[in-house]
Structures are given as C-alpha cells and as structure tokens.
C-alpha cells in the first residue's frame, strides 16, 4: 500500500482529540501522502479540524458515540467494540478501510480489543507488546513482551524473538538485528528452563534474518549492544518500568542539584544547551509507539501522555509498518525459522 | 554480643587485601569497639597491616592458602570451603569464632558456601539475597530476592517479606517497615498466582511487625514509598540490575553533555558542588552491603568494586546486624506471623 490510511482513535490518551489531531497534523506535514480516518466524537473532531485546516483534505471522520477510559477494564472495553472510538479504529483495520490504527488509550483494553478483532496470526501462539528504549547506540532497542503475557514458554520466547527482529528490520531498517534474551546471567546455565530451551533452539537454528546474541542482563539494556531484547511479559514489564522510573529518578535528582544554590543555577544556565541533548535523548516522545506484534493487522499504542511530536512519531511508525507490510514479514520469517530448524530443536507447543 | 567480631574474607573483591583492610581500618575508626578475624594469605595481610598499624590490636589473622576467584563456579568453590579465605571466613561464623562474615568475592560462590555451612533457618524454605537501592525518601529501600531463587512460590515470597522487614527494622531502625510485592500492576488481579496468593495471605494476617502496602510497579522503586520490595529472584535481579544500568546510562549521558562544549564545561565547574550531591546519592559505596537472609548466621556481601568507604559500610552493617541479633529477630517474626495467620491463609509448602 503506497498511501497508508491510518485509523486514529481521536478520543484516547490524557488530552484526547486536541493532542491527537495536533500529532496527525504534524505527521502529515512530514509525509503529505498520508491519509487518515479520524474515529471519535464528531463535533469534537470537527472543532479540532477547524484549528488544523490543512488536515481536512487528508481526513475522513467516523463518528463514535463512546470512548474507552483509562481505568476501564479490558472485559468492559470489549463489550463496547462497536460503539467506542478505540473499537471502531481497530474495526477499520480489520475491514481493510485502514492500513493501521493508532490509539493513546488504555493499553489493556487496546490489547484485548485488538486481539479479539484482528486475531492472532497463523503460527503464532501469543501476540506480544513491544516498545522502544533509548540506548547509547545508533538506534533504540526493541523490548518485548512488556506485559501481554505474564508467563511464557520457550516457543513463545522464540516467536517473540522472530517478531521483534522483523519489527526492528522494518521500523529501524536493520538488515540483521541482534537479538538477546533477558536473563539474570550470560552463561548458558543461567535462568529458567524456558530461557535455556529458547536459547538452545535459536542457537541450533539455521540461517535466520537475525543474529542471536545469547543472554543479556538488566544492567546492559541501554548499551546499544543488541537491537531486540526478548523476555516474558512479567520481567519485560518490570525491566521497562524500572528503566523509566530510574531515568526519572536520576533526572529529578539532577534538577534538585541544579536548583540547590544560586551558583549551581548559574551553572545550569550555562550548560543548558548541552543538557538539552540529554533531555531529547530521554524524552519518551522521541521513543513513542509501542506495538502489538503477532496480530493480523497493525495497532500502535501511543503513550497516554505523549505530546503532538510523540503522537506524530507513533503515526509515522504505523505508516512505515503498514507500507513495509510488517504482518507479511513476520509470517515469512516464521516460515524461514521453521524451515531452518531441526525439528527436534523446536520446543513442543 | 556487645563487641562483634567480624570475619573478613581479605582476598575477595577486585582489589583484595589492600582495599579490604583499608575498609576495615575505616570501620574501626568509626567504631573502636569492633574486632576482626582477617582470613586470607598471611603475608599479604601482614603487608597491609603494616600500612594500617592502628588495626593490629583489633585483629587476628587466620591463614588461608586458597582464594575463590570471580569466575569460579559455586560447585567448584564449595569443594574449597576448608582452604579458601571465603570458606574459612564463613566457617568462623559457623563455629562461633566470629559474629558475622564480610566478603567482596563472587556472589554465587558465597551464597553456595554460606548455605552449605550455615544451613537454612528452621521454618524458612529458602534463603534470599537482599540489597539496598537509593530512593528519594529518608532511607534506602531493601530489595529481595536478587537472584538466589529463580522461581518462588507464595510461601517463599511471604518469608522474604518477613525477613526483609526484620532486616529493615534492624539495619535502618524502622519500627514498622512498609513492605510491597513487585508486580506489573497494583490491582489485586494483576500478576502471577504466586504473587496474588502471597498478597492475600499478607493481607489476611493479623498484626505483624510490618505494614503491607500491596503491589508496587517497577517505575516506583526509588520513590521512597515503601521500605522493602519483595520479588522472586529472577524479577528482582532484573529490576536491580536495570536500575543500576539505567542510573549509569543517564549519568554517562550527563557527562557527555557536560563535556560537549567549552560553555557546558564551564557550567559543570560552577555546578560541581551541587552535582557532588547527586554523585553521593548514587554512589554504590553508600548503599553497600548485600546480605543473605534466612541462614543461621550473618554473611554480608560487599560490592566487588567497592572502595574503602564501601567496605567500611559493609563491615558496619555486619556489626549492626550481629549486635541486634538479626537471626533471632527473623525467627521471632516468623513465629508472630504463624500465630497471627488463620491457618487456611498460609499457602501450602
């Protein structure tokens, strides 16, 4: 598809239509070929379109009478698939009226709705949630799973490795992404049976469109030594949130240090242009766009608190993944893996 | 015991006897009542004692012909329990010739040797490794388990909660430590069955010498909202290492920012006294001393790369835990928990 049409859940996120449309507008400026289906409360969307007149020609509106709130349970949300902006945005992907959906709404609800509407890809046991973490390297690192699957077997981990690598090839244009499994040590004997089995199978596999780097520990996530880090959803969620929380902890300490005296305030003013680089590097808006991998369609989750730039990044990511047909890439990679793997090395289902 | 005698593995850690004795000397200056059993290569220890003459009266030397190296496997190490400085330091605790041991050696070997020699306390299923993480609060937070137990059931988690709380009461003098379980959400329905069962049992228990705060997520570890964070060894190891790695990542980015221009270098010079506070707050030497909880004896693990101040902190911690008789406190707390808990709420062994 040369001109992706992105379905936007205009009502999700902390600031709803205002920030979503500002983000869409920004994404359109960067890529004028994009087209949008704006799903949500029609009057609210029209009001925002009045502020972004250049958007009008690229957008169609689909009215949704309802919206999913941040604290709605997934079980409540799925009953509103046909009335809520989130549900209708996903339905547009399912029905082929959009090539991808972007929502800044409740992650659990989005996952449940996307899974129910789009279904898991053939050959994939469980979809996974992937996100990006900043590194010292040239690109972010892809982390998955981040909470969709609390417990995972070796087969799940191998599928996450293949899906994460396909995602890194597509989103970051890395021909052979380096993939590692998150573990509590790097020796082959470390960790759970599931991790050891998954590592053995990936080592035993023939040529794959990824480079398997073995295990990686929690203190090296941001080193830029690998491109994809695979874990069960429990550990991955703990690792990603701990990384986010610690980055905030250190930058808050830094802010307190700078404001602790007149002298340090002056030092801050002098250093500010350089510190801006630090801020840009750590700004979640620059690493925005989590994605559900393993579904028959592309659904990108934007941070609930993302600003217009963050939303534009999520939209650009969705467009790129749609153009490159991520879903087909994953299907092809699964076939390559199965063909390249001695049957005894594939862990039982 | 009013004058604790601490067995020091003088040969462990990255810099061996030089740094261990410098740390012991520092600890003795702060608390002249301490006494030491220095275990290791006698000539090496004597050479260092010559540099710290004020130590001599407080120390006895026990020669050990062997030492455990950083990459020795636990299975190799335990065979050298009677010849290595690490093994003999632990043996001194077992035999009552020392009230606690401090080693900066290989964590896996130390755990294996300590467990074999000191045995697990009656009523405790598995010992755990606890360490300290800096926070915004008035004190550090205790985290356990950090890798001793890859998989844990509800009973293990409850025991970790009780042991961690006893440790926080002893080491940080908190009368009623706030204890939380590390999880991927704070709602009662989140996480593994083991976590849900452990939380239910801790909620159902009668008055305990701790305040149970429910679940905590990875992004709030450093908030100072709780005093003890309990997890299985896999997640705990991932969380602690991710926190350490991310803190280093951000401070490295900061250093790069400051050195990126002459102007920012000048700003750094002006802010340096204030930034020193940040450095002190994050310096692992100020949070040094991991401990194995649940054994019949006190074994403190100093960071392999700790400086003299770090070693002195680990020694002071060991002395404090010995004086307050941590092992007996844990035993008492277990009795209180069992008496205060309806029998149906204690998860099966």
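Each value in this text was obtained by applying a stated rule to the coordinates, not by laboratory testing. What you see is a predicted model, and the numbers here were worked out from it, not measured in a lab. FYI the Cβ positions are ideal-geometry reconstructions off the backbone, even for glycines, and counts take in every protein chain you see.
Compared with the alpha-carbon gap, the fully stretched path from residue A:286 to residue A:82 is longer by 70.2 nm at 0.36 nm per residue.
Taking the DSSP bridge list for the protein assembly as shown and keeping only pairs wholly inside it, about 25 percent are antiparallel. Going from the residue with the fewest nearby Cβ atoms within 10 Å to the one with the most, A:140, B:232 rank A:140, B:232. With label points set 7 Å from Cα along Cα→Cβ, the inter-copy distances at residue B:187 are 4.2 nm, sorted shortest first. Taking every residue in B:216-224 and counting other chain Cβ atoms within 10 Å of its Cβ, the average works out to 6.
Taking a ≥ b ≥ c as the square roots of the eigenvalues of the Cα gyration tensor, chain B is oblate, since a/c reaches 1.5 or more and a/b is not larger than b/c.
Mind giving me the FRET efficiency for residue A:277 and residue A:225? R0 is 22 Å, r the Cβ-Cβ distance, nearest 0.05 is fine. My answer for the efficiency is 0.55.
Taking every residue in A:230-236 and counting other chain Cβ atoms within 10 Å of its Cβ, the average works out to 4. Computed on segment A:54-153, with alpha-carbon pairs under 8 angstrom and 6+ residues apart, the relative contact order is 20 percent.
Here the simple spin-label model places points 7 Å from the Cα toward Cβ, and for residue A:60 and residue B:200 these points are separated by 5.0 nm. From Cα pairs below 8 angstrom and at least 6 apart in sequence, can you work out the relative contact order of segment B:267-348, rounded to a whole percent? Relative contact order of segment B:267-348: 23 percent. Over segment A:5-118, all Cα pairs binned in 5 Å intervals from 0 give whole-percent P(r) values of 2, 14, 26, 26, 18, 10, 4, 1, listed from short to long.
Extension gain, residue A:15 to residue A:30: 0.36 nm times the residue separation minus the Cα-Cα distance gives 3.2 nm.
Highest mobility in the GNM of chain A, judged by mean-square fluctuation with C-alpha springs under 10 Å and restricted to A:266, A:182, A:28, is found for A:266.
Given R0 = 51 Å, the distance between the Cβ atoms of residue B:176 and residue A:116 translates into a calculated FRET efficiency of 0.65.
Note on segment A:164-233: percent of Cα-Cα distances in each 5 Å bin, starting at 0 and stopping at the bin with the largest distance, equals 3, 18, 27, 26, 18, 7, 1. Going by neighbour counts of Cβ atoms within 10 Å, the residues A:107, A:120 line up, fewest first, as A:120, A:107. Placing a label point 7 Å from the Cα of residue B:71 along the Cα-to-Cβ direction, the distances to the matching points in the other copies come to 5.4 nm, shortest first.
Could you work out the helix-only [θ] at 222 nm for chain A, with each DSSP H run of four or more residues adding -39,500 (n - 2.57) and the total divided by the number of residues, to the nearest 500 deg cm²/dmol? Result for chain A, helices only: -15000 deg cm²/dmol. For segment A:298-318 versus segment B:1-76, the spacing of their alpha-carbon centroids is 56 Å.
Measuring nothing but how far apart in sequence close Cα pairs (under 8 Å, 6+ apart) lie, relative to its length, chain B scores a relative contact order of 23 percent.
Is segment B:1-66 rounded, prolate or oblate when judged by the Cα gyration tensor, a ≥ b ≥ c being the square roots of its eigenvalues, rounded requiring a/c under 1.5 and prolate requiring a/b larger than b/c? Here segment B:1-66 falls in the prolate category. The Rg/Rh ratio for the protein assembly as shown, using Cα coordinates for both the radius of gyration and the Kirkwood hydrodynamic radius, is 1.01.
Volume per residue for segment A:37-104 equals 91 cubic angstrom (convex hull of Cα atoms). Among A:324, B:193, a tally of other beta-carbon atoms within 10 Å of each Cβ gives an order, fewest to most, of B:193, A:324.
Taking all Cα-Cα distances within segment B:131-197, those exceeding 21 Å account for 29%.
With label points set 7 Å from Cα along Cα→Cβ, the inter-copy distances at residue A:279 are 2.5 nm, sorted shortest first.
Top mean-square fluctuation among A:67, A:46, A:126, Gaussian network model of chain A, C-alpha springs under 10 Å? Looking only at A:67, A:46, A:126, the largest GNM fluctuation is found for A:46. A crude spin-label estimate for the pair residue A:75 and residue A:261, with each label 7 Å from Cα along the Cβ direction, gives 5.8 nm.
Once the mean of 1/r is taken over each pair of separate Cα atoms and inverted, segment B:79-179 shows a Kirkwood hydrodynamic radius of 15.1 Å. Among the residues of B:258-264, the average count of other protein chain beta-carbon atoms within 10 Å of the residue beta-carbon is 4. Restricting attention to chain A, close to 25% of DSSP beta bridges with both partner residues there are antiparallel.
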